[in-house]
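Derivation of every value follows stated rules applied to the coordinates shown; laboratory data play no part. From a predicted model like this one, the values you see are computed outputs, not experimental measurements. Every residue, glycine as well, gets a Cβ built from its backbone with ideal geometry; the counts of neighbours run over all protein chains shown.
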Amino acid sequence: MSNFFLGSIDLSKIDKKLIKMVDFKDGTTRPVLQLTISKRKEPSRYGDTHYISIAPKGTPKEERSKYIIGDLREWSDKPQKPSAEEIAASPAPNPKEEEDLPF
């Protein structure tokens, strides 16, 4: 499993009423948006495996989809190795093609 996720947030979907001003220990007050990252039951057609929502507490389950503001997918910096099935399904090199070089 990957330790990183890539994604985007549609900032136009954020209701300004959900941004709260929070007092921090250093004495400053800054805007904060509480969010939830959840795993999708099935990956989207674009390969997204998680979504970001900002549904306030007490939001009915049927209305929570209105608060989805972004999508995420797992990312790995390790090169992907082909599986044994992929290797077996790949076409074998044709030695005759190498003999017919144009130069």
**Study point:** Listed residue (Ile14, Pro60, Pro82) projecting farthest to the positive dipole end of the stretch 1-94, Cβ model
**Key:** Pro60
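Give a quick list of chymotrypsin sites (Phe, Trp or Tyr not before Pro) in the stretch 1-96 that DSSP marks as loop, anything other than H, G, I, E or B, with at most 11 other Cβ atoms within 10 Å.
Here the sparse-neighbourhood loop sites are Phe24, Tyr46.
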Point to revise | Sites Val22 and Tyr46 - FRET efficiency at Förster radius 41 Å, r taken between beta-carbons, to 0.05 | key: 0.75
**Study point:** Pairwise FRET efficiency - Thr29 versus Thr59, Cβ, R0 = 30 Å, nearest 0.05
**Key:** 0.70
Review point. Quick one: Karplus J couplings for the stretch 23-37, per residue in order, coefficients 6.51, -1.76, 1.60, θ = phi - 60°, nearest Hz, x for Gly and Pro?
Key: 7, 9, 4, 7, x, 8, 10, 9, x, 9, 10, 7, 9, 10, 10
Practice item. Give, as ranges by residue number, the residues of the stretch 37-60 whose backbone N falls under 15 Å from the point 7 Å along Cα→Cβ of Asp15. Key: 53-60
Study note, to complete from the structure: Counting only DSSP loop positions in the stretch 1-51, the trypsin sites (Lys or Arg not before Pro) whose Cβ has at most 12 other Cβ atoms within 10 Å are Lys25, Lys41, Arg45
